[in-house]
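The structure appears right after this line, and notes come after that.
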Amino acid sequence: MEENTNKTVSVKERKVKGRVEIDIQRCKGCELCTTACKEHALALSDTINIKGYRYIIANNDVCTGCVNCALVCPDAVITVYRTHPKKKPVDITPENIKEQIQSMISPSK
Ligand code: SF4
Ligand code: SF4
């Protein structure tokens with residue numbers, strides 16, 4: 001019997017990665033975001049913030065940037081950033097810099 005070795009998509013293979021920033025002093029530790037995160041990227045801290053609440057800390061290594069946590073947070077203290085690690089960097093040289101700037105200003109042309 002053959003075993004399927006391609007079951008999971010590793011973090012490295014993901015097209016989009018996420019990075020979460022939390023305003024920890026405004027977090028009230030309600031944990032709505034930890035429930036909403038399917039990647040288990042969020043957890044309560046061991047320490048408390050200025051309001052006396054345990055706040056949320058993020059493991060950005062497993063974050064996919066799905067934005068669920070930011071949507072459910074009643075206090076809007078979560079900001080999610082997305083990155084595209086496999087996207088090719090734009091090659092800007094002194095020869096093509098004019099064209100590159102032009103394509104950034106008007107990408108459809
Ligand atoms: S949902 Fe918002 S306020 Fe509640 S624990 Fe998460 S970050 Fe903190
Ligand atoms: S953006 Fe998605 S994967 Fe990342 S921490 Fe929030 S809910 Fe989890």
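Values in this text are rule-based calculations from the coordinates and carry no lab data. This is a predicted model, so every value here is computed, not measured.
Quick look at the values:
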| read-out | value |
| --- | --- |
| Average projection area in nm² (convex hull over Cα atoms of the range 13-105, one quarter of hull surface) | 8.3 |
| Interchain or long-range residues, amide H under 5 Å from residue 63's placed H | 18 |
| ³J(HN,Hα) computed for each position of the range 74-80 - Karplus, 6.51 cos²θ - 1.76 cosθ + 1.60, integer Hz, glycine/proline x | x, 9, 6, 9, 10, 10, 10 |
